[in-house]
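*Asks:* Here's a structure for you.
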Amino acid sequence: WKPLLNAPTQLFSDSFDDSENGTLLPGLPDDLAQRCLSSLSPSLLFSVCHPWRRLLYFPSFPPFFSLYVLFSPLHGPTTTNPVPGGIDPQNSIEFFSFDPISSSWTTLPTPPQNPPLHLLHRHPSFLSRNLPIQSLTVSNHLVLIAATTHKLFPALSSPLVFHPESNSWFYGPQISTPRRWCVTGSAQGAVYMASGVGSHYQGDIARSMERWDLNKKRESWGWENKAPLKDGRFSREEVEAVGYRGKLCMVNVKGNAVKEGAVYDVELDKWEEMPQGMVAGWNGPAATMDEDVIYVIDEVKGRLSKYDGENDCWEKVIELEQLKRAEQITAGRGKICAISEKGEKIIVVDVRDKPARFWEVAPPPGMEVVAVHVLPRMISRQH
């Protein structure tokens, strides 16, 4: 059948559209045909014929990766019973997945509502600043770890987790001190949370560091205290801790402002100074590809760069007008996904291509992008 796989797309379409039983490859049982087809590009399988398209979404078929996005409605959430003062206590975040093969958006299942979920992105009293909703990916899970309620309290007492392969939400272990404006990151299958502010500022919380190891069995999940930070300078705003070669790297201020960097060694449970070249070029949102390469966008120049650890410098990958004032980025499967200014769209840069190429993904109408992640597509989806 090897020559058959190299045949023109039209040949496939004609032969399979006319097939009464929808077999994957004529003359082969479906289980063997699936093994043969699993090595082909998902975009090719999607475009050839309906049986191959359906195969893409079988639970037994290797899942391709999709975008998982947190959105905020541009006009705010709606409620049939507005509260006094016009402040809506309901959740102002919606969860979607973007299928890059069919170019379609799908809503995620509704998160658990016990306790009620209150994730506020905007507050009427703070019109000029959005409230952070901190999320990350670890071991193919989407994890929401910190946010703010309408009363300016921490919104999550436990991490809220979505698992695409089971298409389900669940809560992680209870956080000893729920907080917001904190450091969040992942490395080697574990979630790290440091610093931050609870219902009010506390110096010991602002210096604290905790770990939740998802590699352990669920009945053994919990938060472990780790080496504290030397001060509370990382509690001023939300901070992304980037997992990089067994370490977590972070800076305490966004953009081109003067900043302080810190590096945490996850094996030695020890804090280190950030290399000078690394902190000097950390001028915007950052992310790591497979915990091996750090990428950062200079939000003033729109320059995407990657870090050269041997020479302690940043190498330019591409410079784009569309990347100026980027608000957040994620990395996965050889691509950098950046949220443009004001969350208007997602810019995808394929860094494996030489030179790098890019394209844009528009959000559903009336939605502002808050955060983007790369995870396997949802198994239960049907086409």
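*Asks:* Look through the stretch 341-355, keep the residues that are in contact (Cβ under 8 Å) with a residue 24 or more places away in the chain and open to solvent by less than 20 Å² (accessible area, probe 1.4 Å), and return whichever of them is farthest from the chain's Cα centre (by Cα).
*Replies:* First pass over the stretch 341-355, keeping only residues in contact (Cβ under 8 Å) with a residue 24 or more places away in the chain: 342-347, 349, 351, 355.
Restricting the remaining residues to those that are open to solvent by less than 20 Å² (accessible area, probe 1.4 Å) gives 343, 346-347, 349, 351.
Working: G343: 14, I346: 12, I347: 14, V349: 15, V351: 18 Å.
Among those that are in contact (Cβ under 8 Å) with a residue 24 or more places away in the chain and open to solvent by less than 20 Å² (accessible area, probe 1.4 Å), it is V351.
*Asks:* If you don't mind, another one. What number of residues in the stretch 260-281 are in contact with a Phe, Trp or Tyr (Cβ under 7 Å, 6 or more places away or on another chain) and either part of a loop (DSSP other than H, G, I, E, B) or surrounded by 21 or more Cβ atoms within 10 Å (Cβ to Cβ) (or both)?
*Replies:* Matching residues across the stretch 260-281 total 4.
*Asks:* Could you list all residues from the stretch 306-331 that are open to solvent by 10 Å² or more (accessible area, probe 1.4 Å), of a type outside the set (K, R) and under 21 Å from G246 (Cα atoms)?
*Replies:* Our first condition is that a residue be open to solvent by 10 Å² or more (accessible area, probe 1.4 Å); within the stretch 306-331, this holds for 306-322, 324-325, 327-328, 330-331.
Filter once more, so that each one left must be of a type outside the set (K, R): 307-315, 317-322, 327-328, 330-331.
If the condition is that a residue be open to solvent by 10 Å² or more (accessible area, probe 1.4 Å), of a type outside the set (K, R) and under 21 Å from G246 (Cα atoms), then Y307, D308, G309, E310, N311, D312, C313, W314, T330, A331 are the ones that fit.
*Asks:* Kindly evaluate E299 against the criterion of being modelled with pLDDT under 95 and within 23 Å of the chain's Cα centre (by Cα). Before the answer, list the steps.
*Replies:* Working: modelled with pLDDT under 95: yes; within 23 Å of the chain's Cα centre (by Cα): yes.
Criteria met by E299.
*Asks:* Here is a list: I145, I87. Which entry is over 15 Å from the mean Cα position of the chain (by Cα), within 20 Å of S199 (Cβ to Cβ) and either surrounded by fewer than 16 Cβ atoms within 10 Å (Cβ to Cβ) or modelled with pLDDT of 95 or more (or both)? Before you say what the answer is, go through the steps one by one.
*Replies:* Numbers: I145 fails: over 15 Å from the mean Cα position of the chain (by Cα).
Exactly one residue qualifies, and that residue is I87.
*Asks:* Right, here's the next one. I'm trying to understand the selection: among the residues of the stretch 234-250, which are at pLDDT below 95 and surrounded by 23 or more Cβ atoms within 10 Å (Cβ to Cβ)?
*Replies:* To start, the set of residues in the stretch 234-250 that are at pLDDT below 95 comprises 234-240.
Residues satisfying the conditions are F234, S235, V239.
*Asks:* For the stretch 7-33, what are the residues that are in a helix (DSSP H, G or I) and either modelled with pLDDT under 80 or within 10 Å of C49 (Cα to Cα) (or both)?
*Replies:* Taking the stretch 7-33 as the starting set, the residues that turn out to be in a helix (DSSP H, G or I) are 9-17, 30-33.
The answer is T9, Q10, L11, F12, S13, D14, S15, F16, D17.
*Asks:* Name the pairs: first residue in the stretch 194-209 and touching a residue at least 12 places away in the same chain (Cβ under 8 Å) and surrounded by 16 or more Cβ atoms within 10 Å (Cβ to Cβ), second residue part of a loop (DSSP other than H, G, I, E, B) and aromatic (F, W, Y), Cβ to Cβ under 7 Å, at least 6 apart or on different chains?
*Replies:* G196/W181; V197/W181
The values are calculated or read from the model by the stated rules, or taken from the named source; none is laboratory data. Computed from a prediction, not measured in an experiment: that's the story for all the values here. Here the Cβ is made from the backbone with ideal geometry for all residues, glycine too, and neighbour counts use every protein chain on show. These area figures cover heavy atoms from the full protein model, side chains too; ligands, DNA and RNA do not enter into them. Shrake-Rupley method; radii C 1.70, N 1.55, O 1.52, S 1.80 Å.
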